Amino acid sequence: MKNVVAFIRPERLPQVKQELFAKELFGLSVTNILGSGQQKGFTETYRGVTKEVNLLKKLRIELVVQEERLNDAISAIETGARTETEGDGIIYFQNIHGVRRIRTGEEL
């Protein structure tokens, strides 16, 4: 099994969910986060005070999939999140060595 983690723009969540659900990938977690990357942030002026914002709002999406479904998950996230501008996000994945369902104790 693989753990897939993606950092995306918050406004792209509906499109990413739509793409994942179309590929019958339903189990996911979404967390609001702040982060910085190549986008580096921006400056803004509010009531005459200039402020540098270098931690941007992003979403962290996490899902665990069977190894044969990994490419489906990655392509769904890429398709839904892509705007072709800097700051679209990143996807990474890692091996999961075991999964156990809490309710039944079943090993998956």
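Computed from the coordinates by the stated procedures, all read-outs in this text should not be read as laboratory data. A quick note: this is a predicted structure, and the numbers were derived from the prediction, not measured. A quick note on method: Cβ atoms are made from the backbone with ideal geometry, for glycine too, and the neighbour counts reach across all protein chains shown.
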Theoretical FRET efficiency, 1/(1+(r/R0)^6), r = Cβ-Cβ of ARG47 and ILE91, R0 35 Å, to 0.05: 0.35
Helix 70-81 sits at what angle to the longest principal axis of the chain, using alpha carbons and giving 0 to 90 degrees rounded to 10? 30 degrees
Would you kindly derive the ³J(HN,Hα) couplings of the range 7-20 from the backbone phi angles with the Karplus curve 6.51 cos²θ - 1.76 cosθ + 1.60 (θ = phi - 60°), listing them in order in whole Hz, with x for Gly and Pro? 10, 9, 5, x, 6, 8, 4, x, 5, 5, 4, 4, 5, 5
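Can you compute the helix-only [θ] at 222 nm over the chain? Use -39500 (n - 2.57) per DSSP H run of at least 4 residues, normalise by all residues, nearest 500 deg cm²/dmol.
Dividing the helical sum by the residues of the chain leaves -6000 deg cm²/dmol.
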Arranged from highest to lowest average of other beta-carbon atoms within 10 Å per residue, in what order do the peptides 76-82, 25-31, 92-98, 14-20 appear? 76-82, 14-20, 25-31, 92-98
About its Cα centre, the chain carries a charge dipole, from +1 on Lys and Arg Cβ atoms and -1 on Asp and Glu Cβ atoms, whose size in debye to the nearest 20 is 440 debye
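Provide the packing ranking of 44-53, 62-71, i.e. peptides ordered by the mean count of other C-beta atoms within 10 Å per residue, highest first.
In decreasing order of mean packing, 44-53, 62-71 become 62-71, 44-53.
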Placing unit charges on C-beta atoms (Lys and Arg positive, Asp and Glu negative, everything else neutral), compute the dipole magnitude of the range 50-98 about its Cα centre in debye, rounded to 20. 300 debye
